[in-house]
Amino acid sequence: MTLPPAARRAVCPGSFDPVTNGHVDIIARAARIYDEVFVAVFVNPSKAGLFSLDERMEMLAEVTPQWPNVSVTSFQGLVVDFCKSNNVGVIVKGVRAVSDFDYELQMAQMNYGLAGVETLFMPTNPVHSFLSSSLVKDVAKWGGDITGHVPEPVAERLVARLRES
Ligand code: PNS
């Protein structure tokens with residue numbers, strides 16, 4: 001079956017402040033399904049974050065070079081407008097637990113209603129089911145071990161950033 005071009009392109013949107021191993025797992029699996037995957041960092045004017053947009057994108061690029069069909073970018077505004085501008089038919093979202101599903105379902109239905117963009121829910125690898133950027137930042141802030149939760153270059157940047165503050 002031949003799919004229309006938009007169906008072969010997917011986006012993994014998120015804040016990625018910073019990227020975790022849970023994100024990397026979802027990106028890698030999306031890259032096996034779709035011809036092209038955009039990892040798109042949401043520019044959120046109402047939330048500063050620990051890392052700047054450029055830093056988040058740099059880290060994502062550093063930890064995804066092994067997937068040539070993955071590119072890192074950013075977007076402002078609605079994710080469906082990013083999809084329309086880039087001919088993307090599918091949003092890929094990792095779902096860690098049932099608690100994620102409620103809001104993710106609302107967003108998926110809204111995005112489909114707004115622009116006919118589909119959402120693929122990908123169950124997170126259970127190894128990462130409790131993982132979030134916020135939790136990793138909190139553990140790192142208080143000197144906890146984040147090995148195995150974020151890629152090594154990200155762990156180094158996190159420790160350095162928290163030392164500065
Ligand atoms: O990593 P996060 O913070 O959970 O990602 C949430 C994100 C950025 C994917 C979501 O908030 C989003 O898509 N924002 C873009 C604005 C938008 O389209 N809002 C309407 C969603 S129905």
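Of note:
Condition check ((1) crowded, with 17+ Cβ neighbours inside 10 Å; (2) aliphatic (A, V, I, L, M)) across all residues:
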{"residue": "Ala10", "(1), (2)": "yes, yes"}
{"residue": "His23", "(1), (2)": "yes, no"}
{"residue": "Asp35", "(1), (2)": "no, no"}
{"residue": "Val41", "(1), (2)": "yes, yes"}
{"residue": "Ser52", "(1), (2)": "no, no"}
{"residue": "Gln66", "(1), (2)": "no, no"}
{"residue": "Phe75", "(1), (2)": "yes, no"}
{"residue": "Val79", "(1), (2)": "yes, yes"}
{"residue": "Lys84", "(1), (2)": "no, no"}
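- Spans of helices (runs of 4 or more DSSP H) in the range 1-108 with at least 2 residues within 12 Å of the chain's Cα centre (by Cα) and within 24 Å of His149 (Cβ to Cβ): 21-33, 53-62
- Total residues in the range 113-122, condition surrounded by 12 or more Cβ atoms within 10 Å (Cβ to Cβ) and either at pLDDT below 95 or farther than 15 Å from Pro13 by Cα (or both): 3
- Test: residue in the range 122-131 that is in a loop (DSSP other than H, G, I, E, B), more than 18 Å from the chain's Cα centre (by Cα) and in contact (Cβ under 8 Å) with a residue 12 or more places away in the chain: no
- Restricted to the range 86-101, and to residues there that are among the hydrophobic types (A, V, I, L, M, F, W, C) and more than 12 Å from the ligand (Cβ to nearest atom), the residue that is most open to solvent (accessible area, probe 1.4 Å) is Val98.
The values are calculated or read from the model by the stated rules, or taken from the named source; none is laboratory data. Computed from a predicted structure; not experimentally measured. For neighbour counting, all protein chains shown are included, and Cβ atoms are generated from backbone atoms with ideal geometry for every residue, glycine included. We work out accessible area using only protein heavy atoms, side chains counted, and drop any ligands, DNA or RNA first. Shrake-Rupley method; radii C 1.70, N 1.55, O 1.52, S 1.80 Å.
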